[in-house]
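Everything below concerns the one structure shown next.
Just so you know, all these numbers are worked out from the coordinates, no wet-lab data involved. The structure displayed is predicted, hence computed values, not measured ones. When we count neighbours, we look across all protein chains shown, and the Cβ atoms used for this are built from the backbone with ideal geometry, even at glycine.
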Amino acid sequence: CTENYAEKYYNQPEVQKAMHANVTGIPYKWTACSDVLIKYWNDSETSLLPTYKKLIAAGLRIWVFSGDTDSVVPVTATRFSLNHLNLTVQTRWYPWYAGNQVGGWTEVYNGLTFATVRGAGHEVPLFQPKRAFILFKSFLAGKELPTS
Amino acid sequence: PKQQELDRITALPGQPPVTFSQFSGYITVNEQHGRALFYWLTEATSHPQNKPLVLWLNGGPGCSSVAYGASEEIGPFRINRTGLSLYLNKYSWNKEANILFLESPAGVGFSYTNTSSDLKDSGDKRTAQDALVFLIRWMSRFPQYKNREFYIAGESYAGHYVPQLAKKIVEYNKAHLQPIFNLKGFIVGNAATDNYHDNIGTVTFWWTHSMISDGSYQSILKNCNFKEVQTSEQCDDALNYAMNNEFGDIDQYSIYTPSCI
């Protein structure tokens with residue numbers, strides 16, 4: 001129910017003043033998601049895989065992760081999609097560790113790193129903050145996830 | 001840069017004392033329509049001048065990076081259950097980087113448009129273009145971040161926003177002799193990536209995780225052609241039956257934790 005707390009906090013005038021927010025008097029309450037935008041969303045690319053190919057070729061560091069208890073964009077969806085890129089494996093599948101627990105599993109391809117986060121839902125840092133933080137640190141450092 | 005100081009947050013109501021700086025405010029991305037995007041920058045807790053810049057985008061489409069990314073995922077604060085005060089997030093990502101939260105596109109959260117029809121014709125293309133304009137103008141306000149190591153992060157429908165913006169930045173850099181973006185990479189989580197494979201993978205997850213019956217699984221595979229942009233009525237019926245009659249009252253975003261009543 002955490003987003004209910006946000007709905008309350010960010011609609012307080014003193015919070016909006018402190019954040020220099022809502023300076024034009026927006027004619028609706030601040031809310032976590034806009035029903036109007038999602039209802040009338042206009043153009044949506046059917047596949048980002050061609051863009052991935054371009055950005056891999058441009059040399060960007062690309063990491064894709066999946067919280068494995070999410071059923072909205074689940075880990076199987078991501079694996080099916082990434083599989084379609086036909087990338088070659090650089091470091092074979094292995095369990096990565098957070099403390100003395102398996103934090104998830106990972107495979108490093110040429111051009112892209114895929115990792116799961118064990119026990120995390122759609123919002124990975126909400127459900128597994130420590131594991132998400134280790135994932136983030138490894139990504140920034142450009143290092144593979146810890147093997148122990 | 002003068003505007004930068006005007007954007008400085010001295011302290012948020014109910015916030016515990018912190019050592020890092022934070023700024024928030026608006027960047028106009030389209031004067032004609034009056035579209036302006038709202039950002040919140042939480043600088044790194046130590047040596048911000050040496051730490052990378054990370055732009056965080058939530059998905060939806062239409063959902064707020066302030067509501068999710070900043071307030072319940074990677075930001076420095078969590079909102080307590082009274083909704084009136086904040087406490088620190090032990091695993092905040094601003095321990096490693098300067099985190100920039102952007103409410104995008106216009107119409108999300110505090111980001112607004114003065115042309116109400118904009119709310120009914122948003123889409124991937126304009127969102128990416130406005131986000132690029134935002135970044136270019138934001139860099140003018142925060143010139144200390146020009147050429148800083150820069151990453152983009154996001155989740156869910158931002159699986160569209162992040163690579164689309166990255167592509168625009170790569171193209172922008174190519175078109176300018178002195179590019180201002182030192183984009184090193186991006187990271188996305190539970191990201192919408194490819195309609196066909198995402199849909200097949202989702203239905204497969206539902207079945208292999210025993211959330212739907214064999215009958216529903218077969219019915220969905222038989223009636224749904226996920227290669228088509230529009231799903232058929234029979235397909236919608238099969239999907240809705242499974243979700244409304246077989247899932248039960250769970251949180252689909254986290255299937256093993258209690259759902260919010």
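Across chain B, the longest piece that holds none of the trypsin sites (Lys or Arg not before Pro) lying in DSSP loops with up to 13 other C-beta atoms within 10 Å covers B:91-226.
For the range B:61-114, which semi-axes, largest first and in whole Å, follow from the square roots of 5 times the eigenvalues of its Cα gyration tensor? If you can, show how the numbers build up before the last one.
Working: eigenvalues 96, 43, 12 Å².
Ellipsoid semi-axes (Å, largest first): 22, 15, 8.
Considering only alpha-carbon pairs that sit under 8 angstrom and 6 or more positions apart, the relative contact order computed for chain B is 16 percent. Our summary gives the range B:1-92 a relative contact order of 21 percent, counting only alpha carbon pairs under 8 angstrom and 6 or more residues apart. Working note: Debye formula, equal point scatterers on the alpha-carbon atoms of the protein assembly as shown, no solvent; log10 I(q)/I(0) at q = 0.08, 0.12, 0.13 Å⁻¹ is -0.41, -0.97, -1.15.
List the GluC sites (Glu not before Pro) within the range A:1-67 that fall in a DSSP loop (any state other than H, G, I, E or B) and whose Cβ has at most 15 other Cβ atoms within 10 Å. Answer by residue number: there is no such site.
For the residues A:Asn22, A:Asn86, A:Asn100, a GNM of chain A with alpha-carbon springs under 10 Å puts the largest fluctuation on A:Asn22. The calculated FRET efficiency for the pair A:Lys39 and B:Glu149, based on their C-beta separation and a Förster distance of 30 Å, comes to about 0.20.
Work out how much length B:Asn182 to B:Ser232 would gain on full extension: take 0.36 nm times their residue separation and subtract the Cα-Cα distance, in nm to one decimal. All intermediate terms of the calculation are to be shown ahead of the outcome.
On the way: separation 50, 0.36 × 50 = 18.00 nm, distance 4.46 nm.
Stretched fully, the B:Asn182-B:Ser232 segment lengthens by 13.5 nm.
In chain B, once you exclude exposed GluC sites (Glu not before Pro) (DSSP loop, at most 12 other Cβ within 10 angstrom), what's the longest stretch remaining? It runs B:32-227. Each principal axis of the Cα cloud of the range B:111-253 was evaluated for its coordinate range; sorted largest first, these ranges are 59, 34, 29 Å. Normalising the average separation of contacting C-alpha pairs (under 8 angstrom, six or more residues apart) by the number of residues puts the relative contact order of the range A:71-148 at 26 percent.
Of the listed pairs A:Lys53/B:Lys120; A:Lys29/B:Lys120; A:Lys54/B:Lys168; A:Lys17/A:Lys39, which have alpha-carbon separations greater than 20 Å here?
On the way: A:Lys53/B:Lys120 31 Å; A:Lys29/B:Lys120 18 Å; A:Lys54/B:Lys168 11 Å; A:Lys17/A:Lys39 30 Å.
Pairs exceeding the cut-off: A:Lys53/B:Lys120; A:Lys17/A:Lys39.
Using only the alpha carbons of the range A:1-76, what is the convex hull's orientation-averaged projected area in square nanometres? Working shown, then result.
On the way: hull surface 35.3 nm².
The orientation-averaged projected area of the Cα hull of the range A:1-76 comes to 8.8 nm².
Rg and Dmax over the alpha-carbon atoms of the range B:1-79 stand at 13.8, 41 Å.
For chain B, the pair-distance distribution built from all alpha carbon pairs, in bins 10 Å wide starting at 0, is 6, 25, 30, 22, 12, 3, 0 percent. Approximating the spin labels as points 7 Å out from Cα along Cα→Cβ, the A:Val102-to-A:Val89 distance works out to 1.6 nm. Taking the Cα centre of the range A:50-127 as reference, the dipole from Cβ charges on Lys and Arg (+1) and Asp and Glu (-1) amounts to some 300 debye.
Annotation: Cα Rg of the range B:173-259 relative to the compact-globule expectation 2.2 N^0.38 Å equals 1.56.
Give me the percent of Cα-Cα pairs in the range B:152-213 that sit more than 20 Å apart, rounded to a whole number. It would help to have the intermediate numbers written out before the result.
On the way: 864 of 1891 pairs.
Everything past 20 Å amounts to 46 percent.
The simple spin-label model puts a point 7 Å past each Cα toward its Cβ; for B:Cys260 and A:Thr24 those points are separated by 2.8 nm.
Between the helical axis of A:129-141 and the longest alpha-carbon principal axis of chain A there is an angle of about 60 degrees. Kirkwood's formula applied to the C-alpha pairs of the range A:42-148 gives a hydrodynamic radius of 14.4 angstrom. Spacing of the modelled spin labels on B:Thr19 and B:Gln3, each 7 Å from Cα toward Cβ, amounts to 3.2 nm. Test of understanding: given chain A, find the longest segment containing no trypsin sites (Lys or Arg not before Pro) that are in a DSSP loop and have at most 12 other Cβ atoms within 10 Å. Longest gap between qualifying sites, sites excluded: A:30-142. Comparing B:Tyr151, B:Phe205, B:Ile9 along the charge dipole axis of chain B, the residue lying farthest to the positive side is B:Ile9, per the Cβ-charge model.
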